[in-house]
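The values are calculated or read from the model by the stated rules, or taken from the named source; none is laboratory data. Since this is a predicted model, take the numbers as computed values, not measurements. All Cβ positions, glycine included, derive from the backbone under ideal geometry; neighbour counts span all protein chains shown.
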Amino acid sequence: MEQQKRYGHFDDQHREYVISDPQTPWPWINYLGNEDFFSLISNTAGGYSFYKDAKFRRITRYRYNNVPMDNGGRYFYIKDGDTVWNPGWKPCKTPLDFYECRHGMSYTRITGKKNGVEASVLFFVPLKKWCEVQKLTLKNESSETKSLKLFSFEEWCLWNAATDMENFQRNFSTGEVEIEGSTIYHKTEYRERRNHYAFYHVNAPIQGFDTDRETFVGLYNEFADPQAVMEGKPRNSHAHGWSPIASHYIEVTLAPGESKDFVFLLGYIENEQEEKFEALQVINKQKAHALIAELDTTEKVDKAFAELCEYWDALLNIYKVRTGNDKLDRMVNIWNQYQCMVTFNFSRSASFFESGVGRGMGFRDSNQDLVGFVHQIPPRARQRIIDIASTQFPDGGCYHQYQPLTKRGNNDIGGGFNDDPCWLIFGTVAYIKETGDFSILDEMVPFDNQPGSEVTLFEHLKISMDHVINNLGPHMLPLIGRADWNDCLNLNCFSWDPNESFQTTENVSEGTKAESLMIAGLFVVTGKDYVALCRKLSEYSNNSEYSEEAVRMQQAVDAMIDAVKKHGWDGEWYLRAYDFYGRKIGSNECEEAKIFIESQGWCTMAEIGAEDGMVAKSLDSCKKYLECEHGMVLNNPAFSKYIYEYGEISSYPEGYKENAGIFCHNNPWVIIGECLAGRGNDAWSHYAKILPSYVEEKYQTLHKVEPYVNCQMVAGKDAFKPGEGKNSWLTGTAAWMWYTVSEFILGIKPDYDGIRIDPCLPETASDYTVQRKFREADYEITIHPNGKQKGVKSITLDGAKIDGTVIPYSPGKHTVDVIL
Ligand code: BGC
């Protein structure tokens with residue numbers, strides 16, 4: 001294999017990824033913000049900020065898929081004599097004497113050096129504040145006095161990121177700003193319906209400014225050589241319409257060895273309707289002044305940063321492993337958990353592959369994301385479940401997504417995905433097992449957000465199960481609807497028109513026989529969970545309705561298992577589906593795509609036919625037909641032509657996305673199947689193939705995208721360049737990798753009455769320790785694998801042997817010793 005160039009490395013002690021070459025194979029980004037105010041930031045300071053919703057409250061402008069790539073961001077220009085440079089190299093691209101970008105937990109620090117000057121910028125969003133802090137430190141490392149001209153730069157987005165990109169006949173006339181001291185206010189549309197504005201401030205006197213883009217940049221110049229900067233002369237421009245920006249100009253003199261801090265603040269403010277103005281057309285700046293006052297010194301900023309770091313310390317202290325394998329420990333203890341929090345915050349809305357305009361919070365996506373963060377922020381998981389359930393319909397069906405700002409469901413990316421309802425059970429059960437909070441089931445939750453329609457959350461779970469039962473096809477398997485987990489398996493779509501979307505075009509549902517084995521497996525897994533939940537409820541409440549419900553649902557689960565055994569087995573693996581006409585998909589009889597991963601994952605997780613050897617055969621078939629150097633592909637062989645009856649899946653060239661790409665999200669399903677079957681060696685080898693820290697070591701250049709997080713898709717074995725990654729960050733892979741490693745490989749599984757211990761490990765595993773905070777308890781659990789892949793032999797709790805594999809919950813500190 002050719003030696004791959006490296007662009008960075010992990011710094012575990014600081015929980016950072018350190019990038020040492022700005023010209024990464026693709027922008028390597030990070031996320032700032034944890035609650036309401038968010039930013040995306042690349043390793044060259046590109047990206048943008050928004051308040052809550054990347055579509056409706058976009059604060060700064062960004063140009064997706066542009067030339068050059070990653071165009072637009074928060075840029076500092078330093079003019080030192082005739083040399084103009086940026087600490088993050090871009091946009092000027094002046095060669096630097098030193099460059100480093102450290103992406104950490106919700107912060108990024110970018111440092112550049114040129115001609116004896118060091119410029120280091122710390123970017124972060126303070127907890128509970130609606131702003132991005134940019135603390136710039138300039139240091140003169142030379143032996144001469146330096147006179148520098150410093151220009152800041154941000155470009156305002158006119159709030160709605162979608163119309164900002166298209167409605168120029170209006171936009172070019174609406175832009176408005178105000179300038180007051182060292183603060184530039186962006187108030188476009190504030191005169192009418194908006195009650196919010198943004199500002200860009202610096203805690204030092206300025207010697208000039210610009211707010212009109214073309215005046216600052218020059219119509220025939222670029223971000224790389226803005227006229228005002230190149231000439232060292234701000235224009236003091238005042239934007240009226242066109243494209244408002246914010247740029248401060250500061251003259252800085254530094255004696256040899258001297259350094260100075262500047263705190264730049266990008267803030268967002270909302271005012272009450274009656275308090276919007278202090279005079280005609282003059283915005284009420286009180287709240288902006290107050291926010292600025294909270295962060296106007298280096299000391300205040302350092303304190304806010306320390307609080308952010310403590311917040312992350314606490315989050316990452318909840319589950320901590322020491323295995324002695326750095327690559328595993330750093331993913332489990334740092335990056336996997338961090339990515340889970342990012343997917344919690346963003347679902348699939350805003351990354352460098354998701355424009356923040358098309359997609360909101362997914363119903364199925366957000367439920368799955370929940371298993372990744374529920375241990376860290378249970379109260380927010382609780383709220384999330386209620387928000388999601390509130391978009392459900394009375395028959396159990398649901399909107400596929402909702403907008404975070406309004407929390408209202410919409411059909412913008414289609415509706416009628418028949419797997420969606422089951423995920424609500426998956427998410428809710430995970431929440432209750434983590435917290436023991438059964439009261440969530442009594443919460444009154446509306447349908448489609450309609451006041452007056454409320455029923456209990458438990459009722460929502462029940463109708464979710466019923467939605468599957470009420471929508472069975474000719475083989476008594478679940479009808480697929482628009483699609484199941486695989487958005488692109490569109491069996492009722494039949495599209496020949498390139499102008500229509502596979503996702504939103506009207507489906508032919510009359511007479512359909514299209515059934516999904518993926519939903520069948522999902523139904524069995526979540527159905528068993530639902531039955532166990534009902535049994536617990538009846539045990540705790542002594543209410544026989546719950547035990548009757550458990551019996552009813554167990555029958556439905558058993559019937560589904562029978563249907564899969566009878567109509568869903570192909571001899572060596574589970575079928576994937578039946579098409580509209582009732583023909584097999586994912587069968588040895590098919591010309592292409594004879595086997596699919598999703599049904600292998602879900603039916604092995606459901607352990608359907610394990611006693612007849614079906615599970616083992618299915619897992620072996622995954623190894624034989626789906627596995628390759630970079631992970632398991634989604635289907636094999638890839639489709640080589642478009643199949644009208646299958647829809648989008650066959651629209652992709654071979655090896656990409658849902659057509660035989662390595663869709664990392666579903667690899668963990670098979671890995672869990674392996675774990676349940678006790679095949680620890682196989683589970684580990686599949687897991688390590690898609691574990692970022694292993695990929696980082698071998699394939700930085702080939703893989704292309706960020707080496708510290710999982711991406712949605714890695715090009716599969718049939719692709720032009722197998723191993724190339726795409727769609728990084730926002731993917732269900734994060735939560736599934738976490739769920740897999742924390743609960744099934746390392747084997748620490750929250751349960752209603754305590755923690756179940758059931759690891760499944762490679763034979764080579766050494767002793768390891770997991771520190772797990774669980775409700776009001778703190779467990780230190782040491783596992784001695786003794787060369788075994790699975791099977792707990794004995795558990796000692798605080799020195800005393802216990803029966804079974806569940807450590808009964810009790811508050812306080814506990815030591816647990818486990819022998820396999
Ligand atoms: C979507 C998921 C979907 C997956 C497979 C992702 O882009 O967010 O909801 O399950 O693609 O199609």
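Would you check if Ile690 is among the β-branched types (Val, Ile, Thr) and touching a Pro at 6+ places or on another chain (Cβ under 9 Å)? Yes: the conditions hold for Ile690.
Looking across the stretch 410-424, the residues that are surrounded by fewer than 24 Cβ atoms within 10 Å (Cβ to Cβ) and outside any loop (DSSP other than H, G, I, E, B) come down to Asn410, Asn411, Asp412, Ile413, Gly414, Gly415. Looking across the stretch 103-161, the residues that are of a type in the set (Val, Ile, Thr) and touching a Ser or Thr at 6+ places or on another chain (Cβ under 6 Å) come down to Thr111, Thr137.
Every condition in (1) on the phi > 0 side of the Ramachandran plot; (2) in contact with a Lys or Arg (Cβ under 8 Å, 6 or more places away or on another chain) holds for Glu189 except the one numbered (2). In the stretch 740-755, the count of residues that are surrounded by fewer than 16 Cβ atoms within 10 Å (Cβ to Cβ), of a type in the set (S, T, N, Q) and under 25 Å from Ile334 (Cα atoms) is zero.
So that you can scan it fast, the table gives a plain yes or no per residue for (1) at positive phi; (2) in contact with a Phe, Trp or Tyr (Cβ under 6 Å, 6 or more places away or on another chain); (3) surrounded by fewer than 17 Cβ atoms within 10 Å (Cβ to Cβ); (4) at pLDDT 95 or above:
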| residue | (1), (2), (3), (4) |
| --- | --- |
| Phe151 | no, yes, no, yes |
| Thr183 | no, yes, no, yes |
| Phe199 | no, yes, no, yes |
| Leu219 | no, no, yes, yes |
| Phe223 | no, no, no, yes |
| Ser243 | no, no, no, yes |
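All of (1) more than 16 Å from the ligand (Cβ to nearest atom); (2) out of contact with any Phe, Trp or Tyr (no Cβ under 7 Å at 6 or more places or on another chain) hold for Phe393 with one exception: (2). May I ask you to verify whether Phe426 is under 25 Å from Lys749 (Cα atoms) and in contact (Cβ under 8 Å) with a residue 12 or more places away in the chain? Yes, satisfied. When you go through Glu548, Glu592, Glu539, Glu598 one by one, which is the residue that is part of a helix (DSSP H, G or I) and closer than 24 Å to Asn636 by Cβ? Residue meeting the stated conditions: Glu598.
(1) within 17 Å of the chain's Cα centre (by Cα); (2) more than 16 Å from the ligand (Cβ to nearest atom): which one isn't true of Glu443, the others all being true? The failed condition is (1). Evaluating Glu545 against the criteria (1) surrounded by fewer than 17 Cβ atoms within 10 Å (Cβ to Cβ); (2) within 16 Å of the ligand (Cβ to nearest atom); (3) not aliphatic (A, V, I, L, M) leaves one unmet condition, (2). Just one of the listed residues (Pro451, Pro474) is surrounded by fewer than 17 Cβ atoms within 10 Å (Cβ to Cβ), touching a strand residue (DSSP E or B) at 6+ places or on another chain (Cβ under 8 Å) and not aromatic (Phe, Trp, Tyr), namely Pro474.
Do we find that Glu706 is touching a residue at least 40 places away in the same chain (Cβ under 8 Å), in contact with a Phe, Trp or Tyr (Cβ under 7 Å, 6 or more places away or on another chain) and within 16 Å of the ligand (Cβ to nearest atom) in this structure? Criteria not met by Glu706. Since Tyr581 meets every condition but one in (1) among the hydroxyl-bearing types (Ser, Thr, Tyr); (2) in contact with a strand residue (DSSP E or B) (Cβ under 7 Å, 6 or more places away or on another chain); (3) surrounded by fewer than 20 Cβ atoms within 10 Å (Cβ to Cβ), which condition does it not meet? So the condition that Tyr581 fails would be (2).
(1) buried (at least 22 other Cβ atoms within 10 Å of the Cβ); (2) assigned to a loop (DSSP other than H, G, I, E, B): which one isn't true of Gln23, the others all being true? Here Gln23 meets the rest and fails (1). Across the stretch 26-38, a minimum of one residue is classified as among the β-branched types (Val, Ile, Thr) and either surrounded by fewer than 17 Cβ atoms within 10 Å (Cβ to Cβ) or touching a strand residue (DSSP E or B) at 6+ places or on another chain (Cβ under 6 Å) (or both). Of the residues Val371, Val301, Val357, which single one is within 16 Å of the ligand (Cβ to nearest atom) and either modelled with pLDDT of 95 or more or on the phi > 0 side of the Ramachandran plot (or both)? So the residue among Val371, Val301, Val357 that is within 16 Å of the ligand (Cβ to nearest atom) and either modelled with pLDDT of 95 or more or on the phi > 0 side of the Ramachandran plot (or both) is Val371. For the stretch 447-496, the set of residues classified as within 16 Å of the ligand (Cβ to nearest atom) and part of a strand (DSSP E or B) consists of Pro478, Gly481, listed by residue number. Inspection of the stretch 722-733 finds a residue satisfying the criterion of being under 24 Å from Phe363 (Cβ atoms), of a type in the set (Gly, Ala, Ser) and within 16 Å of the ligand (Cβ to nearest atom). Taking residues in the stretch 561-578 that are over 16 Å from Phe523 (Cβ atoms), and partners anywhere that are small (Gly, Ala, Ser) and surrounded by fewer than 24 Cβ atoms within 10 Å (Cβ to Cβ), the pairs with Cβ atoms closer than 6 Å and at least 6 places apart or on different chains are Asp570/Ser587; Glu572/Ser621; Trp573/Ser621. Evaluate the following for Ser538: is it in contact (Cβ under 8 Å) with a residue 40 or more places away in the chain, more than 16 Å from the ligand (Cβ to nearest atom) and over 23 Å from Ser599 (Cβ atoms)? Considered against the rule, which asks whether it is in contact (Cβ under 8 Å) with a residue 40 or more places away in the chain, more than 16 Å from the ligand (Cβ to nearest atom) and over 23 Å from Ser599 (Cβ atoms), Ser538 comes out as no. Here Ile413 meets each of (1) under 24 Å from Gly732 (Cβ atoms); (2) at pLDDT 95 or above with one exception, condition (2).
Residue-by-condition table, conditions (1) under 31 Å from the mean Cα position of the chain (by Cα); (2) farther than 22 Å from Ile432 by Cβ; (3) part of a strand (DSSP E or B):
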residue: Pro762; (1), (2), (3): yes, yes, no
residue: Ser766; (1), (2), (3): no, yes, no
residue: Arg772; (1), (2), (3): yes, no, yes
residue: Tyr779; (1), (2), (3): yes, no, yes
residue: Asn786; (1), (2), (3): no, yes, no
residue: Lys801; (1), (2), (3): no, yes, yes
residue: Lys813; (1), (2), (3): no, yes, yes
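Of the residues contained in the stretch 323-332, one or more are found to be among the small types (Gly, Ala, Ser), away from the ligand (no atom under 16 Å from the Cβ) and modelled with pLDDT of 95 or more.
Screening the candidates Pro692, Pro637, Pro653 for the property of being away from the ligand (no atom under 16 Å from the Cβ), closer than 22 Å to Tyr578 by Cβ, at pLDDT 95 or above and not aliphatic (A, V, I, L, M) yields one hit, Pro637. Could you say whether any residue in the stretch 734-746 is within 16 Å of the ligand (Cβ to nearest atom) and not in a helix (DSSP H, G or I)? There is no residue in the stretch 734-746 that is within 16 Å of the ligand (Cβ to nearest atom) and not in a helix (DSSP H, G or I). Restricting attention to the stretch 497-514 and to residues that are polar (S, T, N, Q) and surrounded by fewer than 19 Cβ atoms within 10 Å (Cβ to Cβ), the residue that is farthest from the ligand (Cβ to nearest atom) turns out to be Asn499.
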